[in-house]
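Working notes for the structure below.
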Amino acid sequence: MARYTDAVCRLCRREGVKLFLKGDRCYTDKCAMVRRPYAPGQHGQRRKKVSEFGLQLREKQKARRYYGILETQFATYFDMANRKQGVTGTNLLQILESRLDNVVYRLGLGNSRPEARQLVLHGHFTVNGRKVNIPSYLLKTGDVVAVADSSKASSKFKELAELSASKNIPTFLDYNSEKLEGKVVGECAREEVGIPLEEHLIVELYSK
């Protein structure tokens, strides 16, 4: 399975915004965006004039890296969003938010999206009672995501259970911290997407 394996802090610095790819570290002074808040590379501190295309590309890259998706799959999601009724940009964000690894993260059952992705790959979660180990699995309204019974006793999920009880869970999810399960009760509202993103620029980029 193809995925990005290089230093993730470079991605935040390149986009100029925290993408919260390293969990708790992103909230400390060790965060790369605190220590070196400029683009990586030899010329990272130079001021650059950004074209209209450059702005559109950066928004697409920011969204793609935020959710940990490679180019081909992101383009597929855009096609899905474009075919749906409604605003294409909002549709795209709702599709991205419905990914299993993202929902696991939003429920507080992973400290970051990369960690949530890894936990899903290792078979620690079920969807509607059946084990699913595909991070890109798209959830629908009514689906129930739960920690597998075989994983609930592990120290990792005991720790996450304590942390998730105090997290701000988005309204499109209904979370039961005692059962370590969450239910998708609707689609993610635009204002609940966690990063400053101008999705209309992504639509303009793909519409050329």
Have a look at 186, 194 and point out the one that is of a type in the set (Gly, Ala, Ser), surrounded by fewer than 19 Cβ atoms within 10 Å (Cβ to Cβ), in contact with a helix residue (DSSP H, G or I) (Cβ under 9 Å, 6 or more places away or on another chain) and under 30 Å from residue 59 (Cα atoms).
194
Just one of (1) surrounded by 14 or more Cβ atoms within 10 Å (Cβ to Cβ); (2) touching a residue at least 60 places away in the same chain (Cβ under 8 Å) trips up residue 146, so point out which.
(2)
The correct count of residues that are closer than 25 Å to residue 162 by Cβ and among the hydroxyl-bearing types (Ser, Thr, Tyr) in the stretch 89-109 is 1
How many residues are modelled with pLDDT under 90 and more than 19 Å from residue 81 (Cβ to Cβ) when one looks only at the stretch 181-202?
1
Taking residue 141, is it at pLDDT 95 or above, surrounded by 13 or more Cβ atoms within 10 Å (Cβ to Cβ) and either in a loop (DSSP other than H, G, I, E, B) or not hydrophobic (A, V, I, L, M, F, W, C) (or both)?
no
Index of the failed condition, residue 133 passing every other in (1) part of a helix (DSSP H, G or I); (2) surrounded by 13 or more Cβ atoms within 10 Å (Cβ to Cβ):
(1)
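Yes/no per residue for (1) in the same structural domain as residue 103 (by TED's automatic domain parsing); (2) part of a helix (DSSP H, G or I); (3) within 23 Å of residue 118 (Cα to Cα):
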site	(1), (2), (3)
151	yes, no, yes
159	yes, yes, yes
171	yes, no, no
175	yes, no, yes
178	yes, no, yes
Quick one: how many residues across the stretch 174-208 are over 14 Å from residue 108 (Cα atoms) and hydroxyl-bearing (Ser, Thr, Tyr)?
2
Since residue 177 meets every condition but one in (1) in contact with a Gly (Cβ under 9 Å, 6 or more places away or on another chain); (2) closer than 15 Å to residue 102 by Cα, which condition does it not meet?
(2)
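The values are calculated or read from the model by the stated rules, or taken from the named source; none is laboratory data. Since this is a predicted model, take the numbers as computed values, not measurements. Reconstructed Cβ throughout: ideal geometry from the backbone, glycine too, with neighbour counts over all protein chains shown.
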